[in-house]
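Note sheet for the following structure.
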Amino acid sequence: MFTVIVPNSVKKDIKKLDKPVISKILDLLDNLRQNPLQGTPLTGHFSNLLKLELLHKGIHYRIAYRINEEKIEIYILHVAGYSLLRKQYI
């Protein structure tokens, strides 16, 4: 089983979210320990990272992470949400 490492800066970002979202994110991180490859690869300069996504009340959230198989660790780099309203402008 992998160890999930969440830096303090990401923990602060998570604490700012609504409690139901925090709960879903923690569930995703817990599942990630057993199946670190469940995410999908990012593209471009970030192609060495994976992402998990969730949707809650019209807001899309993304967790970006990196796997270190040698150390059996998953390093969470970023957790953020954005409104799906942006699609109106595309």
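Odds and ends about this structure:
- From the list ASP27, ASP18, the lone residue that is among the charged types (D, E, K, R) and in contact with a strand residue (DSSP E or B) (Cβ under 8 Å, 6 or more places away or on another chain) is ASP18.
- Residue count for region 41-70 under the criterion of being touching an Asp or Glu at 6+ places or on another chain (Cβ under 9 Å) and farther than 23 Å from LEU17 by Cα: the result is 1.
- Matching residues in region 64-90 - criterion: being in contact with a Gly (Cβ under 8 Å, 6 or more places away or on another chain) and modelled with pLDDT of 75 or more: TYR65
- Flag for LEU32 being part of a loop (DSSP other than H, G, I, E, B), surrounded by 17 or more Cβ atoms within 10 Å (Cβ to Cβ) and in contact (Cβ under 8 Å) with a residue 40 or more places away in the chain: no
- Residue within region 37-59 that is closer than 15 Å to MET1 by Cβ and either in a helix (DSSP H, G or I) or modelled with pLDDT under 95 (or both) present: yes
- Any hit, region 64-74, residues being without any contact (Cβ under 8 Å) to a residue 24 or more places away in the chain, of a type in the set (Gly, Ala, Ser) and either within 26 Å of MET1 (Cβ to Cβ) or in contact with a Ser or Thr (Cβ under 7 Å, 6 or more places away or on another chain) (or both): yes
- Single condition ILE22 does not satisfy, out of (1) assigned to a helix (DSSP H, G or I); (2) loosely packed, with under 11 Cβ neighbours inside 10 Å; (3) without any contact (Cβ under 8 Å) to a residue 24 or more places away in the chain; (4) not aromatic (Phe, Trp, Tyr): (2)
The values are calculated or read from the model by the stated rules, or taken from the named source; none is laboratory data. Every value quoted in this text rests on a predicted model; they were computed, and no experiment measured them. In this analysis, Cβ positions are derived from the backbone assuming ideal geometry, glycine residues included, and neighbour counts consider all displayed protein chains.
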